[in-house]
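None of the figures in this text is laboratory data; all of them are computed from the coordinates on show. What you see is a predicted model; the values in this text were computed from it and never measured. Don't worry about glycine lacking a Cβ; one is built from the backbone with ideal geometry, like all the others, and counts go over all protein chains shown.
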Amino acid sequence: MVQDRRSLLKSGAGLALVPALAGLPSRGRAQGATTLKIGVLNDQSGVYREVSGPTSTACVRQAIQDSGIAAKGITVEVVQADHQNKADVGATIARQWIDRDGVDVIVDVPNSAVALAINGIVREKNKVYLNSTGGTTELTGRQCSPNTVHWTYDTYMLAKSTGGAMVKTGADSWFFITADYAFGHDLERNTSAFVQAAGGKVLGAVRHPLQSTDFSSYLLQAQQSRAKVVGLANAGTDTINCVKQAAEFGVTRRGTKIAVMLMFINDVHSLGLNAAQGLVCTESFYWDLNDRTRAFTDRVKGSLGGNYPAMSHAGCYASVLHYLKAVADMGGAAAKSDGAATVARMKAMPTDDDCFGQGKIREDGRKLHPVYLFEVKKPEESKGPWDYYKMLQTTSADEAWRPVSEGGCPLVRA
Amino acid sequence: MIEELLFQLELGLPQVVLGLVNGAFYALLSLGLAVIFGMLNVINFAHGAQFMVGAFVAWMLLNWGGIGYWPALLLAPLIVGAFGVVLERTMISRLYKLDHLYGLLLTFGLALIIEGLFRNSFGSSGLPYAPPELLAGPPVDLGFMFLPKYRLWVVVAAVVMSLLTWIVIEKTRLGAYLRAATENAALVQAFGVNVPRMMTLTYAAGVALAAFAGVLAAPIYSVNPQMGSSLIITVFAVVVIGGMGSILGSVLTGFGLGLVEGLTKVFYPEASSTVIFVIMAIVLLARPAGLFGRA
Amino acid sequence: MAGQATAFTATAQQSPGLPGLAALGFNRAQSIAFLLLLGLLLVGPFVLYPVFLMKLLCFALFACAFNLLIGYVGLLSFGHAMFFGMGGYVTAHAAKVWGLTPELAILAGGAVGAVLGVVAGWIAIRRQGIYFAMITLALAQMIFFVCLQAPFTGGEDGIQSVPRGALLGVFSLAQDMSLYWVVAAVFLAGFLLINRIIHSPFGQVLTAIRENEPRAISLGYRVDDYKLMAFTLSATLAGIAGGTKALVFGIATLTDVYWAMSGEVVLMTLVGGLGTVFGPVLGAAVIVSMQNYLAEFGAWVTVIQGCIFVACVLAFRAGIAGQLGRWLRVRL
């Protein structure tokens, strides 16, 4: 008993000191050689674990391997941490990584509060920030930064693809079920604008608190509005609960379509095709899109522990791959010393990777690539594991993203 | 005027029904909490986690053992209850004489451990679980709305289970021993009743109730490791409003608050998760021991 | 719990304090511990990462403020996040939008804590025990709702890029080290103030209320007034702690008003030792270190945290400071 207490106490005291001290020597080490350090900062224990988490880290490692950067005499190390969806935890880790551990790049970062906090820190320290899983358009809008590339998706592009494209298929009256926070409001407002611009009507909207468990009441209100499309402007568990209960109430049985504004293939997987069939959603990457995406998926699959890459993971891969190309181009030492210059070089070079094909990075940090509207297959249409999507429509890279002029990014002179 | 009223009714009535379905979950969960608190004087913060484990056990039984919904409804509570026995014997039984705070902290720690372990094994985005054949199929037409059969079943199951628990505690000899033991354990022990074992079984029963609710929830809510933690605070509020430890109070309050929440979802949906706390504050100011509690 | 905590403190010998420090109300062991704390504060930023230390100090002050209520008045608030979080929002808003200097911004955070504290306290002190906790929880949930809806808080994005500004408008706090000394000073001031309160006649009455409320009433003390004063003081300091944290990170987010934060401060205080002077500081150190240094273990963070709480309840019920005190036979 006494021994128990002592050892516990020791480990308690040690906890505070040992890792911090262990972090010290790396400062000296990192300066000498051209060793780059990539920090994958995301949610490893909460609701975004499946769409970011360890799979993102595996994709980053894959990018390092595929880049062949080691052959050029540059070593790349990867560290990862869980921001627990708390902005202060994320900010402490990021500052410590940069100040003490010599981290040069921070990748991934879901959750807009954390994503924006990291945006400010990376800019202040002149490092590189490759955001893939954050959705807020602020990153390339008023809070845009010369050190940031926003790669995979944002709320504007989701709204444009899902809202604009669906109206063209005749689904012209909408009702929104919106999560009551900025992300949900953004999605609802943007999508409404595109629906109306395409000649559709918005019949109503209902806003629910974050992390509700029961959505039947809202679904009923949506049904009573007799809209042809129910748009779900929420994310994660809220969306999954919503879809599951929509299937239960037979919302789709009477011809109503459900458009999920933000969904990843991992969400479809967890819903199962029975509940998810017929949903319409937007992603900028699907593993079974073409030969190149399949080749990428085959390469990385073994290290994902049964998960499949979603667009967010593909974004981690592609952004790091492109970053390493820029590094190879300008030299390791130069890249390490100036994050803004590295990002500028990334913007100057056209992008090309297996996940998103050819594209480029705009002045405000926005990565441009085509965007796809998918419908989830019926169980009988699915031929194998993770065979979930059929493509409905493609929005080209020129049309999908918010024009620079509307973003209000101070980096871009009008 | 009358048409307007009818329209409001048409809009409101379905929400009342849906509110009752949600209330059924609140009732079942708060029932388990009330039993544990009333008899053991422990605030079981792990209740949400145990609810979640119930849903996961149902999933495991189906996917690993090929055991369907109906047997799972019985087996999952038994399995989770057995787990409760272990928890009670090894840890919780040491806290009976201490302040509530320690029970709360211990069970909070347990909840963290359980949720973390499930997240490591199953991820966080959830698992699919289909409703049983018998209750699947198109929703039933109630005249003013379509209600899935499964939701009707949830209400029936919750009412039956609550009644059973109430009868056991208020009307049977076992219940009488239990109530007596909470008043004066030493005396009951002196009469030859094995009080510690009774406490263990009570905890197990409370936990089993949570697991039962978990299995009931599996087909309609997302089965994920955090499914319980988002409910637990609300359920605490239900127990407090009903009067800590009052069986009848927690059941009636559960259904009642489900109803109020359902109506809020129509008139001011943004506040639907806050309204319960507003009610809690008002009730506690007006009736310190809750609606049905003994002061 | 309260009874247990005092059972051993009563047996610990009341040794005279070191000269000078006795004036602050410290006994000998506490004086030594305080000197140690001072030393750590001075050396800390040269050994550990300053931003991490600043975070730790903010939470330590928060936990000390909370401990004033639970440890010395016996009131368990389960809604302290409302003071901490609102303090953060108001400081962030004051510094960013109104352009106030950091010390004024932090004071604004404290003022909001005080106002909220008077209102919440006035409502909550009518009830006791678990019901008191539940009313504070309910009020905190309402404040959370307000923070989510009010435009000035920026929803879940929070208030971002809050400038650290210049102290008194003169000394720039942009460097981590210069800000550290300010945060350390705020913490020390708060810590000593709490300690002064505890050892004042006012504090003695509070302890009397904790031990035996009916008796305190019968002695003619207006118990509710004392409780309200203590509640407001605690809320004010929590607001200052939240405001300081907002300046350190340049952000104020919903995390700090969420109920889980109220739970976290309970845990810090318990792990450190209820009703001890140094316990909350130790508890905050342990919990914040865990969040930080276990972050690389991914999902195991919560499991490890859970195990520590369970171990605390089963083996170290008096908390770190309480247990240390028992072994050394002193009161910390």
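Taking other Cβ atoms within 10 Å as a rough exposure proxy, C:Cys307, A:Cys144, A:Cys355 sort from fewest to most as C:Cys307, A:Cys144, A:Cys355.
Hydrophobic long helices, here whole DSSP H runs in chain A with Kyte-Doolittle means of at least -0.5 and Cα atoms spread over 27 Å or more along the helix axis, are found at A:2-22, A:311-330. Of the residues B:Val223, C:Thr236, A:Ser173, the one whose Cα sits farthest toward the positive end of the charge dipole of the protein assembly as shown, with +1 on the Cβ of Lys and Arg and -1 on the Cβ of Asp and Glu, is C:Thr236. Would you look at the GNM of chain B, springs on alpha carbons closer than 10 Å, and say which of B:Ala190, B:Ala208, B:Ala130 moves the most? Looking only at B:Ala190, B:Ala208, B:Ala130, the biggest GNM fluctuation is shown by B:Ala190. For chain C, the longest piece that avoids every one of the chymotrypsin sites (Phe, Trp or Tyr not before Pro) found in DSSP loops with at most 16 other C-beta atoms within 10 Å covers C:99-220. Per the Debye formula on identical point scatterers at the alpha carbon atoms of segment C:2-328, with no solvent, log10 I(q)/I(0) at q = 0.15, 0.16 Å⁻¹ is -1.30, -1.46.
Cβ-Cβ distance of C:Arg126 and C:Tyr221, R₀ of 25 Å, FRET efficiency by 1/(1 + (r/R0)^6): the value works out to about 0.90.
Once you reduce segment B:217-238 and segment C:166-190 to the center of their Cα atoms, the two points are 44 Å from each other. Taking a ≥ b ≥ c as the square roots of the Cα gyration tensor eigenvalues, segment C:104-247 comes out oblate, since a/c reaches at least 1.5 and a/b does not exceed b/c.
Please work out the C-alpha center-to-center distance from segment B:249-289 to segment B:150-203 and express it in whole Å. Going from one Cα centre to the other spans 27 Å.
In this label model, A:Ala193 and C:Asn212 are separated by 7.0 nm, measuring between points 7 Å along each Cα→Cβ vector. Ordered by the count of other Cβ atoms within 10 Å of each Cβ, fewest first, A:Ser303, C:Ser31, A:Ser284, A:Ser312 give A:Ser303, C:Ser31, A:Ser284, A:Ser312. Near C:Gly155, once Lys and Arg are set to +1 and Asp and Glu to -1 for all other residues with Cβ below 10 Å from its Cβ, the sum equals -4. Each of C:Leu148, A:Leu392, B:Leu33, C:Leu137 was scored by other Cβ atoms within 10 Å of its Cβ. Arranged with the fewest first, they read A:Leu392, C:Leu148, C:Leu137, B:Leu33. Please work out the C-alpha center-to-center distance from segment A:340-414 to segment A:183-208 and express it in whole Å. Distance between centres, Cα-based: 22 Å.
Partner lysines whose Cα lies under 26 Å from the Cα of A:Lys301, excluding those fewer than 8 positions away in the same chain, are identified as A:Lys37, A:Lys325, A:Lys367, A:Lys377, A:Lys378, A:Lys383, A:Lys390. Taken along the Cα-to-beta-carbon direction at a fixed 7 Å, the label points for B:Leu74 and C:Ala185 span 7.3 nm. Estimated from the Cβ-Cβ distance and a Förster radius of 30 angstrom, the FRET efficiency linking B:Val160 and C:Phe152 is about 0.05.
Convex hull volume of the C-alpha atoms in segment B:24-221, normalised per residue: 135 Å³.
Around A:Ser45, under 10 Å between beta carbons, what's the net of Lys plus Arg minus Asp minus Glu among the other residues?
Net charge around A:Ser45: -1.
Spin-label pair B:Arg197-B:Glu183: with each label point 7 Å from Cα along the Cα-Cβ axis, the two points sit 2.4 nm from one another.
DSSP beta bridges confined to chain A are antiparallel in about 30 percent of cases. Shape analysis of the protein assembly as shown based on the Cα gyration tensor places the equivalent ellipsoid semi-axes at 44, 39, 26 Å, largest first. Beta bridges assigned by DSSP with both partners in the protein assembly as shown are antiparallel in approximately 35 percent of cases. On the basis of the beta-carbon distance and an R0 of 30 Å, A:Lys168 and A:Ser405 show a calculated FRET efficiency of 0.75. Local charge sum around A:Glu248 (other residues, Cβ-Cβ under 15 Å, Lys/Arg +1, Asp/Glu -1)? Here the charged neighbours net out to +3.
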